[in-house]
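The values are calculated or read from the model by the stated rules, or taken from the named source; none is laboratory data. Keep in mind the model is a prediction, meaning the values are calculated, not measured. Methodologically, a virtual Cβ is constructed for each residue, glycine included, from the backbone with ideal geometry; neighbour enumeration extends over all protein chains shown.
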Ligand code: ADP
Ligand code: MG
C-alpha cells in the first residue's frame, strides 16, 4: 500500500464549505439526501455501463445503497455498490470545483442567509454538505472492473486539505463514513435516519437498506444486504398509475430530482401507448433556479430507457425556452446504449420532444384559462421572460406561445404587473382599429411617459407597454396576432392616423407647413433623414420616430450600449 499524500482544496471549495455550513445549518439533514443522490447516480452509471460490459457488475446482482451507524464511534456510513471512482476521479470530483455552475453559484451568493440557503437548495449541495454534520469525512472507493488493490481512501476534516491513500477494497463502489460533530448525536438514531430517507429519498430508484437494529462490531461483519431492511419505496414513481399517487408523492419525487426545497407549481404525468411507447412526468417549478437566464445551464429532464437511467440534462427533449421544466421521460423505443449523438437525430426523440412541448404549452394554456389565475400569474412572473424566447425559437408553436404572453398596457396603467393577454387586447380593440399597438422602452416609467402615447390616450386606443430586455427581440419576431399586425407607436409607419387628420387642412395651411418643415430640415440636416408634420402629438411639440425598416429607437440605444 502506498503512503498517504496530502492535497490542498481549491480556494473555491474552502469558500463553498464555509458558506454551506453556515447557511444550511437549519436544514442539516439534507446531507443524507445528497449522499444518497450521489450513490443513486453511481448505481445508475454502473447499470448503464453494464449493458455493454457485463463484467462490470462483478457478479453482484443487487444494486443497492446501505446506511448504518455506530453509536460508539459516532459515525454514520453510506455505501453503494455502484460505479466507484479511480484515484484521478476522486481528485477531479472531490476537492475541486469542476463545473462552471459552481463558480457562478458562488458569485451569486448575496450574504443574506435566507436568500442564500434558497440558492444552495436549488444548486444541489452535493458531497460537501457532509461537512455540515461531520468534522471528518472518510471516503473509500473502487472503480468497477478495477483490481481490488486499486481502491482509494480520501479523508478530510473539511479544513483546507485532504489526504489520499491507495487501499484494497473488496467490493466495487463507494463507502462514505461521517464522523459526526459533537452536537450531531440526533443522527445516531435508527428512527431519525429512516425518517429522513422516507422524507427525501423515498422514490430513489434503488433500494436503500438499513440495519434493523443497532449492531455490535461482530454482527456488522456478518451482515449482508439481504438481512437489512429496505426503508424506501424504491419505485420508479412514473411507472405507477396516477390513481396510486398522492400529491405528496409527486412533491417528494420533484424534490428528489430537482434539488428544490419548494413545491412544484404543477405536474403532468402521461403514459403514451401505441406505435410510440413512453412515459413522461413533467413538473413546472414554483420558484426559478438561480441560473434561469443562463441558456447553457444544465437541463432539468432525465432520460430513462425502460427504467434504466441514460442521461441527465437531456436538452434534446426540451427546447431552451422551456428549460425550467423538470422531470423524467422513460422510453421503451430507444436502444439502451443510446448516446447524445444518437439522440441528436432520432425520430423517436423528435416525436417525444414535440409531444412533450405540446403537453407543457397546453397545460399552461389550461392554467391561463382557470378561474383562479393565481398559478398562471406565479408562473408568468417567474418564467414569462424565458417563455418569450419561444416566440423566436419555436416557429411551429409561435401562435400557442403568443396566446400565453402577458403584458402591461394602458388598459390598466396603474399596475406594474404583466396581466394583459393579446386576446384580451384584441377583444377591446375599437371597431376600425387596424393594429395592435405597442411601445418598447428601457423602463415601464419611460414607456408610460412617452409623448408618442398622447394621441393614443386621446383616442382611447390601448397600447402595450413593453420594457423587458427581451421585448424588442420579441416584437421583431411577432409581426401579427390573430390576423392583426403588431405596430410600434414610435415607428413612422402609422399612416392610418396621418391621412385621417389630413382631410380638413386648408391649402394655405399646407403651404405654411411645407415652409416650416423645409426650415427645420435645413437645421437638422445631418441628424435626421426626414421631417414631417404629424397629428400624433397633442401636448408635446415634436418627437423623433424611426423610419420604416429602420431599427427602432430602443434597439438603436441597446446597440449603442453594446458598443455597436
Ligand atoms: P453532483 O452530484 O451535483 O455532481 P456532488 O458534489 O454531489 O455534485 O458530487 C461530485 C461528484 O463526485 C459527482 O459528480 C461524482 O462524480 C462524484 N461522486 C460523489 N459521490 C459518489 C459516489 N458515491 N460514487 C461515485 N462517484 C461519486
Ligand atoms: Mg450530487
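More than 14 Å from ligand 2 (Cβ to nearest atom), assigned to a helix (DSSP H, G or I) and surrounded by 20 or more Cβ atoms within 10 Å (Cβ to Cβ): does that describe residue 63? Criteria not met by residue 63. For segment 402-411, the condition holds for no residue, the condition being that it is modelled with pLDDT under 95, within 26 Å of residue 272 (Cβ to Cβ) and touching a helix residue (DSSP H, G or I) at 6+ places or on another chain (Cβ under 8 Å). Looking only at residues of segment 485-499 that are within 16 Å of residue 459 (Cα to Cα) and surrounded by 12 or more Cβ atoms within 10 Å (Cβ to Cβ), we find that the one that is modelled with the highest pLDDT is 489.
Could you check, for segment 30-50, whether at least one of its residues is part of a loop (DSSP other than H, G, I, E, B) and more than 10 Å from ligand 1 (Cβ to nearest atom)? Checked segment 30-50: no residue is part of a loop (DSSP other than H, G, I, E, B) and more than 10 Å from ligand 1 (Cβ to nearest atom).
Hey, among 414, 427, which residue is surrounded by fewer than 16 Cβ atoms within 10 Å (Cβ to Cβ), within 21 Å of residue 479 (Cβ to Cβ), more than 30 Å from the chain's Cα centre (by Cα) and free of Cβ contacts under 8 Å to residues at least 24 places away in the same chain? Before you say what the answer is, go through the steps one by one.
Values: 414 fails: within 21 Å of residue 479 (Cβ to Cβ).
Going through 414, 427 in turn, the sole match is 427.
Test each condition in (1) farther than 30 Å from residue 355 by Cβ; (2) modelled with pLDDT of 90 or more; (3) more than 16 Å from ligand 1 (Cβ to nearest atom) for residue 253 and report the one that comes out false. Among (1) farther than 30 Å from residue 355 by Cβ; (2) modelled with pLDDT of 90 or more; (3) more than 16 Å from ligand 1 (Cβ to nearest atom), residue 253 violates only (1).
Checking each residue in segment 402-411 for being under 31 Å from the mean Cα position of the chain (by Cα) and either assigned to a loop (DSSP other than H, G, I, E, B) or within 14 Å of residue 462 (Cβ to Cβ) (or both) picks out 405, 406, 407, 408, 409. The residues of segment 131-169 that are modelled with pLDDT of 95 or more and assigned to a loop (DSSP other than H, G, I, E, B), listed by number, are 143, 144, 145, 146, 147, 168, 169. For residues that are within 22 Å of residue 206 (Cβ to Cβ) and free of Cβ contacts under 8 Å to residues at least 60 places away in the same chain, scanning just segment 247-263, find the one that is surrounded by the fewest Cβ atoms within 10 Å (Cβ to Cβ). Here the residue is 248.
So which residues in segment 252-268 are assigned to a helix (DSSP H, G or I) and farther than 20 Å from residue 290 by Cα, if there are any at all? First the steps, then the outcome.
Within segment 252-268, the subset assigned to a helix (DSSP H, G or I) is 252-258.
Passing the criteria: 252, 253.
For residues that are closer than 16 Å to residue 416 by Cα and either without any contact (Cβ under 8 Å) to a residue 12 or more places away in the chain or crowded, with 20+ Cβ neighbours inside 10 Å (or both), tally how many sit in segment 463-484. Of the residues in that region, 6 qualify.
Counting residues in segment 72-88 that are over 23 Å from residue 337 (Cα atoms), more than 16 Å from ligand 2 (Cβ to nearest atom) and free of Cβ contacts under 8 Å to residues at least 24 places away in the same chain gives one or more. Candidates are the residues of segment 359-383 that are under 19 Å from the mean Cα position of the chain (by Cα) and without any contact (Cβ under 8 Å) to a residue 40 or more places away in the chain; the one that is farthest from residue 266 (Cα to Cα) is 381. Checking each residue in segment 430-448 for being within 20 Å of residue 474 (Cα to Cα) and outside any helix (DSSP H, G or I) picks out 435, 436, 437, 438, 439, 440, 441, 442, 443.
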